[in-house]
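Novice: Pasting a structure here, questions to come.
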Amino acid sequence: KGRGKNEEEVVPESRARQKRMRARISRAAKRDARAMRLETIGIIRREFDWRGVNVLEEERVFDPRFLSAYRADNQKPPQERSQLKKLLYRPAPKHPELAVWAFTMLSQAYCNSLMKALNRFEAFKKARKLKIRRSGSRYGALFNHVGFQEFFDVLVQKYLRALAEIVYPDECKKFHQQHSFLVSYEVLGGP
């Protein structure tokens, strides 16, 4: 009652303008958040010393059984990699329909060093009030963002691929990149 034609036209135009403004603010907020993440990652890479944990030295990083099997089989076609195949076991033998395989790849000493480094890293982040995405676990760390990209690129493409080709030959054709993070599970059994 009492509204003119001009007033009705202004309301939708005003809403459209508000919507455009919110979209611009949202895009700017996303850019700012990304810039903050990149700055945080830069600080970590410059200031945090992983003490060599992010350097892939075969003898230090790998379990001796894995390394021996890898060296024996690495030049063979997947169907002839008998030493690597011996390392594989199914963690849920009562459920053979699950395509899950397990094996010991990293040495216990390396795992201990990595966990110590992650604890130091958490203290470092807390002291500097740095916020980065977590993987969801207590020791959550997205390794690619904090100086482990090259380490895991080599680990996955060179070493893990040799095992994966045995049990997942078709999927390995698309095995081009990795996204590494840590998740901690309780060990229930194994070979």
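The values are calculated or read from the model by the stated rules, or taken from the named source; none is laboratory data. This structure is a prediction, so every number in the text was calculated from the model and none was measured. Ideal geometry is used to build each Cβ from the backbone, glycine not excepted, and the neighbour counts take in all protein chains shown. Just so you know, the surface numbers come from the protein's heavy atoms only, side chains and all, with ligands and any DNA or RNA stripped out. Shrake-Rupley method; radii C 1.70, N 1.55, O 1.52, S 1.80 Å.
Novice: Name, by its number, the condition in (1) over 21 Å from Gln149 (Cα atoms); (2) at pLDDT 95 or above; (3) of a type in the set (Gly, Ala, Ser) that does not hold for Ser107.
Specialist: For Ser107, the failing item is (1).
Novice: Are there any pairs, at least 6 apart or on different chains, whose C-beta atoms fall under 9 Å, with the first in segment 164-176 and under 16 Å from Val154 (Cα atoms) and the second among the polar types (S, T, N, Q) and assigned to a helix (DSSP H, G or I), and if so, which?
Specialist: Phe175/Gln157; His176/Gln157
Novice: Scanning segment 120-140 for residues that are within 27 Å of Leu88 (Cβ to Cβ) and surrounded by 14 or more Cβ atoms within 10 Å (Cβ to Cβ), which turns out modelled with the lowest pLDDT?
Specialist: Tyr139
Novice: Would you please list the contacts, defined by Cβ atoms under 9 Å and residues six or more apart or on different chains, that run from a residue in segment 72-88 that is open to solvent by 50 Å² or more (accessible area, probe 1.4 Å) to a residue that is part of a helix (DSSP H, G or I) and of a type in the set (Asp, Glu)?
Specialist: Going by the 9 Å Cβ cut-off, the qualifying pairs are Pro77/Glu165; Glu80/Asp73; Ser82/Asp73; Gln83/Asp73; Lys85/Asp73.
Novice: Within the bounds of segment 105-119, is there any residue that is more than 26 Å from Phe143 (Cβ to Cβ) and open to solvent by 80 Å² or more (accessible area, probe 1.4 Å)?
Specialist: Checked segment 105-119: no residue is more than 26 Å from Phe143 (Cβ to Cβ) and open to solvent by 80 Å² or more (accessible area, probe 1.4 Å).
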